[in-house]
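> Sharing a structure, written as structure tokens. Questions coming.
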Amino acid sequence: MSRLKEKLSKKIDGWRPRTTRLLKEFGDVKVSEVTIAQVIGGARGVKCLTTDISYLDPFEGIRFRGYTIPETLEALPKVPGSEMPYVEGFFYLLLTGDIPSEEDVKDVAEEFNKRQHVPEYVFNVIRALPKDSHPMVMFSTAIISMQRESEFVKEYNAGIGKMDLWKPTYEDALNLLAKLPQIAAFIYRYKYKGDDIIAPDTSLDLGGNFAHMMGIDKPYDEVARLYFLLHSDHESGNVSAHTGHLVASALSDVYYSISAMIDGLAGPLHGLANQEVLRWIQGVMDKMGDKVPTEEEMKKFVWDTLNSGQVIPGFGHAVLRKTDPRYQAQREFCLKHLPDDPIFKYVDILYKVTPPILQEQGKAKNPWPNVDAQSGVIQWFYGLKEYDYYTVLFGVGRAFGVLANIIWDRALGYPIERPKSVTTAMLEEAAGIKN
Ligand code: CMX
């Protein structure tokens, strides 16, 4: 057994009695009440999921295993010559809750290297799709095509017991995570770079190897590390994380659940917003020519979008009620590496003018920017201008968090998910309305 799996096994044994006790002794304790607005309104704020991987405070933002983003960046072992931590070490933190040693990071890196070979049929499946398919379709299809590789299915069919279900899930999760960067890079090079595929270099760390396979020079490796870390997890109620968890709760294997997770992420109100931000900015740029808009001019573009009934991509959030710290982390990166970039200037002006406009309009509960407002700018700056690809990057990152969650779901024996529906008439009756 690998060091990581052994460590996880001990953690799971220590954790299980907590869940069992809560269920057995305190199962009737109320943690939330549900209003009609929440029933109709997408269960916003209803506390009905458990995860220990990350927690999202509306005002503070995300904490991964108790660490804020700056604390996470500070505490994790760094790639030599780099300011950013190893993605491998970050995954160790998500999975175990502990900061890894250099040795632990090496162990995870070896685990990923051992499993990184992508079967040729996966590339053939991508090539078989129409070339104008969206990259998220290619990504989701490539993942689901590997379902035949599932160790979980083999062991489930052989009659494995419930307490052990997490073990083949762990194997599937690591097998899949090890392959995702290469599949994602393949999609990019195949779709946009004339099928000029770059083979992996397993002497590099995961972020470095991804930048290498994308064919983008340093410091894009730093961008990859930061990007995968920032996008990994945001509690378990957001569409992609929840979809992954929901599908896995039926004991569907991780190939099914991560493919579905990618499908949820591909919506413009969720992960696709990062492409939408760049598309929106490009629309403004087309109208402005080479000129950066003044604040007054930008205000007009924002109002025009709102008045046409569309949302301003990259702003607002279902939980957050302040500027997203994931936005802040990327902004700091921009200020350091690309302060004079024209698109960064656009984003900066948007940051100034949009929140007061959304407040004046009075609809959005959170007028502040989210993770997606800033992320495309960095990609564009380093030459990745094919913005319909951006959500694939989000998807690679998100898989680390969702797979850590799914392993723990199985370890703690969380049941199949099944919330209850009511009819409109039942809600009217509860409200005392007589038709
Ligand atoms: N621009 C214009 N209107 C907005 C808005 C925005 N950025 N954000 C919210 N609103 C509107 C909503 O559309 C809603 O309008 P209606 O009452 O007409 O339906 C109203 O304000 C209330 O919405 P809310 O409660 O503040 O927000 P929700 O929890 O329903 O939705 C989100 C959250 C993110 C979908 C929404 O803010 C939005 O559409 N933002 C733009 C898209 C975006 O950036 N998504 C990415 C989020 C981060 C991620 O998941 O990647």
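The values are calculated or read from the model by the stated rules, or taken from the named source; none is laboratory data. Nothing here was measured: the structure is a model prediction, and the numbers come from that model. Note: ideal-geometry Cβ built from the backbone for every residue, glycine included; neighbour counts use all protein chains shown.
> From the list S32, S82, S54, exactly one residue is of a type in the set (S, T, Y) and loosely packed, with under 12 Cβ neighbours inside 10 Å. Which is it?
Only one candidate qualifies: S32.
> From the residues in region 329-381 that are without any contact (Cβ under 8 Å) to a residue 40 or more places away in the chain and not in a helix (DSSP H, G or I), which one is farthest from the ligand (Cβ to nearest atom)?
Per the criteria, the residue is D340.
> A further question on this structure: Just name the residue that is nearest to the ligand (Cβ to nearest atom) out of those in region 233-250 that are within 15 Å of L165 (Cα to Cα) and of a type in the set (A, V, I, L, M, F, W, C).
Checked region 233-250; the qualifying residue nearest to the ligand (Cβ to nearest atom) is A248.
> Let me ask something else about it. Restricting the search to region 67-109, which residues are in a loop (DSSP other than H, G, I, E, B) and in contact with a strand residue (DSSP E or B) (Cβ under 8 Å, 6 or more places away or on another chain)?
T68, L76, P77, V79, M84, Y86, listed by residue number.
> Taking the condition surrounded by fewer than 16 Cβ atoms within 10 Å (Cβ to Cβ), among the acidic types (D, E) and in contact (Cβ under 8 Å) with a residue 40 or more places away in the chain, does E71 pass?
So E71 does not fit the description; no.
> I'd like to check something: does region 320-339 contain any residue that is more than 28 Å from D57 (Cα to Cα) and surrounded by 15 or more Cβ atoms within 10 Å (Cβ to Cβ)?
Narrowing region 320-339 to residues more than 28 Å from D57 (Cα to Cα): 337-339.
Of the ones still in play, those that are also surrounded by 15 or more Cβ atoms within 10 Å (Cβ to Cβ) are 337-338.
Yes, region 320-339 contains at least one residue that is more than 28 Å from D57 (Cα to Cα) and surrounded by 15 or more Cβ atoms within 10 Å (Cβ to Cβ).
> May I pose another question? Show the residue pairs meeting these rules: Cβ distance below 9 Å; 6+ apart or different chains; first residue within region 233-244 and under 16 Å from L393 (Cα atoms); second residue acidic (D, E) and not in a loop (DSSP other than H, G, I, E, B).
S240/D263
> While we're looking at this one, here's another question. If we scan region 275-286, do we find a residue that is farther than 21 Å from D57 by Cα and near the ligand (Cβ under 8 Å from one of its atoms)?
yes
> What are the pairs with Cβ atoms under 6 angstrom where one residue, in region 161-182, is part of a helix (DSSP H, G or I) and β-branched (V, I, T) and the other, located anywhere, is at pLDDT 95 or above and crowded, with 21+ Cβ neighbours inside 10 Å? Sequence gap at least six, or different chains.
Matching pairs, first to second residue: T169/F152; T169/I407; T169/R410.
> Let me ask something else about it. Answer with yes or no whether S308 is more than 14 Å from the chain's Cα centre (by Cα) and within 16 Å of the ligand (Cβ to nearest atom).
Answer is yes for this residue.
> Can you tell which of V284, V277 is surrounded by 22 or more Cβ atoms within 10 Å (Cβ to Cβ) and not in a loop (DSSP other than H, G, I, E, B)? Before you say what the answer is, go through the steps one by one.
Details: V284 fails: surrounded by 22 or more Cβ atoms within 10 Å (Cβ to Cβ).
V277 is the lone residue from the list that is surrounded by 22 or more Cβ atoms within 10 Å (Cβ to Cβ) and not in a loop (DSSP other than H, G, I, E, B).
> While we're on this one: Would you be able to tell me the number of residues in region 60-86 that are over 20 Å from L206 (Cα atoms) and not hydrophobic (A, V, I, L, M, F, W, C)?
Taking region 60-86 as the starting set, the residues that turn out to be over 20 Å from L206 (Cα atoms) are 60-63, 65-68, 70-71.
Still in the running and not hydrophobic (A, V, I, L, M, F, W, C): 60-61, 63, 65-68, 70-71.
Number of matching residues: 9.
> Taking region 121-130 as the search range and keeping residues that are free of Cβ contacts under 8 Å to residues at least 24 places away in the same chain and not in a loop (DSSP other than H, G, I, E, B), which one is surrounded by the most Cβ atoms within 10 Å (Cβ to Cβ)? If you could, list the steps in order and put the result at the bottom.
In the first step, residues of region 121-130 are kept if they are free of Cβ contacts under 8 Å to residues at least 24 places away in the same chain; the result is 124-125, 128-130.
Still in the running and not in a loop (DSSP other than H, G, I, E, B): 124-125, 128.
On the way: N124: 10, V125: 16, A128: 10.
Checking each candidate, the answer is V125.
> Considering region 198-216 alone, what residues qualify as being surrounded by fewer than 21 Cβ atoms within 10 Å (Cβ to Cβ) and either within 16 Å of the ligand (Cβ to nearest atom) or in contact (Cβ under 8 Å) with a residue 24 or more places away in the chain (or both)?
Passing the criteria: P200, T202, G215, I216.
> Just to be sure before I move on: is S257 more than 11 Å from the chain's Cα centre (by Cα), surrounded by fewer than 22 Cβ atoms within 10 Å (Cβ to Cβ) and either away from the ligand (no atom under 13 Å from the Cβ) or not small (G, A, S) (or both) in the structure I sent?
Details: more than 11 Å from the chain's Cα centre (by Cα): yes; surrounded by fewer than 22 Cβ atoms within 10 Å (Cβ to Cβ): no; either away from the ligand (no atom under 13 Å from the Cβ) or not small (G, A, S) (or both): yes.
So S257 does not fit the description; no.
> Only one of S32, S2 is of a type in the set (S, T, Y), at pLDDT below 95 and under 19 Å from W166 (Cα atoms). Can you tell me which?
That would be S2, the only listed residue that is of a type in the set (S, T, Y), at pLDDT below 95 and under 19 Å from W166 (Cα atoms).
> Please enumerate the residues belonging to region 316-328 that are assigned to a loop (DSSP other than H, G, I, E, B) and of a type outside the set (G, A, S). Full working, then the answer.
From region 316-328, those assigned to a loop (DSSP other than H, G, I, E, B) are 316-324; that's our starting set.
H317, V319, L320, R321, K322, T323, D324 - these are the residues of region 316-328 that are assigned to a loop (DSSP other than H, G, I, E, B) and of a type outside the set (G, A, S).
> Also: Identify, by number, the condition in (1) in a helix (DSSP H, G or I); (2) aliphatic (A, V, I, L, M); (3) more than 14 Å from the ligand (Cβ to nearest atom); (4) surrounded by fewer than 24 Cβ atoms within 10 Å (Cβ to Cβ) that L384 doesn't meet.
(1)
> Quick check on this structure: which one of V153, V118 is surrounded by fewer than 19 Cβ atoms within 10 Å (Cβ to Cβ), hydrophobic (A, V, I, L, M, F, W, C) and outside any loop (DSSP other than H, G, I, E, B)?
Only one candidate passes the filter, namely V153.
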